[in-house]
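S.K.: Quick one: this structure, given as structure tokens, is what I'll be asking you about.
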Amino acid sequence: MGTKFLRDHPRCNLWATPGARKTSMVYALLTQLKMLGSAFFPALVIAPKAVAELTWPAERDKWTAFHGLRIVSLLGDERTRTDALLSLGDVYVINYENLPWLIAQFAGKPWPFRIVIADESTKIKSFRAQQGGKRAQALSTIAQATGRWINLTGTPSPNGYQDIWGQQWFIDFGQRLGDSYSKYMRRWFVENPYTRQVELRHPSCKDEIDKLLADCTLSIRAEEWMKVAEPNYIEREVKLPPEAMALYKQMERDFWIRIEQLEARHEVTAVNAAALSTKLLQLASGTVIHDDKTAVMVHEAKVDAVESIMDELQEPLLVAYWYKAEVELLKKRFPKMVVFSGKADETAWNEGKIPLMALHPQSAGHGVNLQYGGRAMAHFAHTWNSEYRLQVEGRINPLRQQAAGFDRAVIHYDILAVGTLDRVLRDRVKSKISVQEALLLAHARGRDAT
């Protein structure tokens, strides 16, 4: 259904909740267009950095039907991007931060990308006719030179319907909702004199806007395709930075590493297989503990994944962690994140007062009810103890959701560092294996991935 809609509507919105395979729908469309000899190639995908780096290449590689599409990554430093731009491809993938650079490369020249896919299109909502975000403004200069345009998001209006106009402008240049943001706001919105919040003038205004967008928008809710009675699992793979991966491989091989940071030198040693697995899991998540007490920050790849999930989800999110150092790592990026510590946090979460909360499986087990505050959980780190994993999942499970009166799908994001123990431990929830077997399996997978 999604691919057909995209094919039949050259400029459109696809609003589909996380895990609905928006990426696959787009790849199916591009594969069909290429087979038909479409003149709309090449295509440009714009996405948040983590999604551009991992999700789009991984989704192409996952399905043999898409292997005929040549993917070119426009990520990295300027020299790397410039060299990549000279490569022949069908689909070029870039992050939003580098959009102004890309558009500058074609200043005074024909814009080569005949299809643009804006993944997480709320990032271009700041567009205004006369002002707005730098990236959205840069993109607006070439929008009318693009034949096909697809906005992808699961949350088109995270702050209300005032978010819609900036995204929709790239579809029809103001035809449906007005040629300026100020006209759009005057027509359908008003500022509440008491709360100073911008609100729709009347509930019917929502229906009016929806009706105007109906012919160019396909909306797919999770509840329409997910099994509400079962939890839904979405994998988010991350790649460790080269330096961090080198440390991981050395630790795996030698049971010992040395980390040089500023003027400090940290030596980390594992005395047996069990200790080694602990150090490897710490490295996979971004930190490692040496001398049994001091944590060293190594990378923020998983923190980037949490930020990407939050951007996509636009709902309250629980983050399951294992080591205290992981909380410190997350707090660097999300200083207002709450760390679950008891009844007061449970109450605040269920009242909708906490958008992001970290919780440890051992402190949020039996007796803790978090289903009122949200339905999504990201598993930042993974543990050998399957019971702890199942316990923490149970805080928001489908039965609790239904008992609380919610008919919504539960989503669990598994953040997995490629080439590490993460996937093995995640799989251990379903099948018991020994530490030694897991180390051997993870090593084999890591070797195959390099």
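Please treat every number below as a calculation from the coordinates, not as lab data. The structure presented is a predicted model; accordingly, all values stated were derived computationally and were not measured. Ideal geometry is used to build each Cβ from the backbone, glycine not excepted, and the neighbour counts take in all protein chains shown.
S.K.: What nm value, rounded to one decimal, do you get for the distance between residue 8 and residue 275 when each label is placed 7 Å out toward the C-beta?
M.R.: Going from the residue 8 label point to the residue 275 one covers 6.5 nm.
S.K.: For the chain, give the share of DSSP beta bridges that are antiparallel, in percent and rounded to the nearest 5; count only bridges with both residues there.
M.R.: 20 percent
S.K.: If you average the C-alpha positions of region 177-197 and of region 1-69 separately, how far apart do those two centres end up, in angstrom?
M.R.: 34 Å
S.K.: Give me Rg/Rg_expected for the chain, where Rg uses Cα atoms only and Rg_expected = 2.2 N^0.38 Å with N residues.
M.R.: 1.04
S.K.: Next question, about the same structure. Simple spin-label model, 7 Å along Cα-to-Cβ: residue 109 to residue 172 in nm?
M.R.: 3.5 nm
S.K.: Mind ordering 273-286, 180-193, 408-421 by average Cβ neighbours within 10 Å, highest first?
M.R.: Result, highest mean Cβ count within 10 Å first: 408-421, 273-286, 180-193.
S.K.: Multiply the residue separation of residue 70 and residue 229 by 0.36 nm, subtract the distance between their alpha-carbon atoms, and state the gained length in nm to one decimal.
M.R.: Length gained, residue 70 through residue 229: 53.4 nm.
S.K.: What ranking, highest mean first, results for peptides 356-364, 83-91, 378-386 when packing means the other Cβ atoms within 10 Å averaged over each residue?
M.R.: Highest-to-lowest ranking by the protection proxy: 378-386, 356-364, 83-91.
S.K.: Report Rg (one decimal) and Dmax (nearest whole number) for region 210-356, counting Cα atoms only, units Å.
M.R.: 19.9, 66
S.K.: Between region 231-246 and region 349-381, how many Å separate their Cα centres?
M.R.: Between the Cα centres of region 231-246 and region 349-381 lies a distance of 22 Å.
S.K.: Helix-only mean residue ellipticity at 222 nm, the chain, DSSP H runs n ≥ 4 weighted -39,500 (n - 2.57), per residue, nearest 500. What is it?
M.R.: For the chain, the value works out to -11500 deg cm²/dmol.
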